[in-house]
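Reviewing the structure listed below.
The values are calculated or read from the model by the stated rules, or taken from the named source; none is laboratory data. None of the values given here were measured: they were computed from a predicted structure. Using ideal geometry, Cβ is built from the backbone for each residue, glycine included, and neighbour counts are taken over all protein chains shown. Surface areas here come from the heavy atoms of the whole protein model, side chains and all, with no ligands, DNA or RNA. Shrake-Rupley method; radii C 1.70, N 1.55, O 1.52, S 1.80 Å.
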Amino acid sequence: MYLLIPAAGSGKRMGADRNKLLLEVHSQPLLAWTLLAAEAASSISWIGIVSQPTDWDDFKAIIANLNLKKTIEFIIGGSTRQESVYNGLQALPKEANHVLIHDGARCLITPDLFNKCAESILHCSGLIAGVPVKDTIKIVDDQGMIQDTPNRAFLWAAQTPQGFDVKLLKKCHDQGLRQGWEVTDDAALFEKCGLEVKIIPGEETNLKITTPQDLAIAEFIIKNR
Ligand code: CTP
Ligand code: MG
């Protein structure tokens, strides 16, 4: 299975002085934890890290320390996650029929979840890992007034990995470009094109590290593994 890791963000909400993937949790940078899980997932044979060339020296130093056996390619990131994934798709080897996309910032992923998604994408054309939401969710207008309370029984929080048929996802990205769609995950492009996306039960601990609080939670989870 081919794996693309979007890692080209700047981590604005983290408020650090560098890409948040370079910040350490339990003595390893976030990117290292994500790569260690991918290395340990038997289904994955090729890893593309989509990232800003300004981070490449740091990322290469991280990889050199990990002694990884799998093929790792560097792909130039874009100014949005959507653009970064687009670039990643163009850089996949021709023989790649399916792809998993997993955010570098979800560094608590387990090899088992990678493998589950890699197996499942052979039987459908689009999937994402997700978990049922625990909070009641409100739709709020720009005045801070609640407009609606969707039925929680139908609400899932989207995670990555997200897996797709490569040809179909490329088509969806092309259409998104033409129509100016701006989305925060690849499943949304698939949905907008009228294609089906299946939910695979994700992991409660598969958090996206976004703010400093998340770093503390990640530290706790990794320490206890
Ligand atoms: N990402 C990317 N290219 C971008 C923006 C984001 O590859 N232009 C990646 C990030 O590196 C991250 C993943 O997409 O692994 C999820 O994005 P997010 O958590 O939003 O990370 P950042 O964009 O870095 O953070 P922020 O939005 O707070 O700036
Ligand atoms: Mg972002």
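Data table
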quantity	calculated
Most to least packed among 140-149, 186-195, 53-62 [average Cβ atoms within 10 Å]	186-195, 53-62, 140-149
FRET E, pair Lys192, Leu68, Förster distance 30 Å, beta-carbon r, rounded to 0.05	0.25
Accessible area per residue in Å² at 1.4 Å probe, computed on the chain	52
Calculated [θ] (222 nm, deg cm²/dmol) that DSSP helices of n ≥ 4 give over the chain, each run adding -39,500 (n - 2.57)	-10000 deg cm²/dmol
Segment 134-225 shape via C-alpha gyration tensor axes, a/c threshold 1.5	oblate
Heavy atoms of His26: accessible area, 1.4 Å probe, square angstrom to 10	70
Segment Phe220-Thr136, extension gain: residue separation times 0.36 nm, minus the distance between their alpha carbons	27.7 nm
Rounded accessible area of Tyr86 (nearest 10 Å², 1.4 Å probe)	60
For segment 2-223, with +1 on Lys and Arg beta carbons and -1 on Asp and Glu, the positive-most of Gly163, Pro132, Ala96 along the dipole	Ala96
Amide H within-cut-off set for Gln159, under 5 Å, with H built and near neighbours excluded	Ala129, Gly130, Val131
Extension reserve of the Cys124-Thr211 stretch, reckoned as 0.36 nm per residue once the Cα distance is removed	27.9 nm
Residue order for Thr80, Thr184, Thr211 - accessible surface, 1.4 angstrom probe, largest first	Thr184, Thr80, Thr211
Sum of side-chain charges, Val25 neighbourhood, beta-carbon under 11 Å (Lys, Arg +1; Asp, Glu -1)	-1
Antiparallel bridges, percent of DSSP beta bridges restricted to segment 2-223 (to nearest 5)	45
Coil-residue GluC sites (Glu not before Pro) of segment 1-104, DSSP, other Cβ within 10 Å capped at 11	Glu95
Solvent-accessible ranking of Trp156, Trp46, Trp33, largest area first, probe 1.4 Å	Trp156, Trp33, Trp46
Cα-centre dipole for the chain with unit charges at Cβ (Lys and Arg positive, Asp and Glu negative), debye to 20	240
Rounded, prolate or oblate (a/c below 1.5 giving rounded, otherwise prolate when a/b exceeds b/c) for segment 2-223 by Cα gyration tensor	rounded
For segment 16-68 versus segment 117-153, the gap between their alpha-carbon centres in whole angstrom	28
Extreme residue, positive dipole direction of segment 2-223, given options Ala118, Ser10, His26 (C-beta unit charges)	Ala118
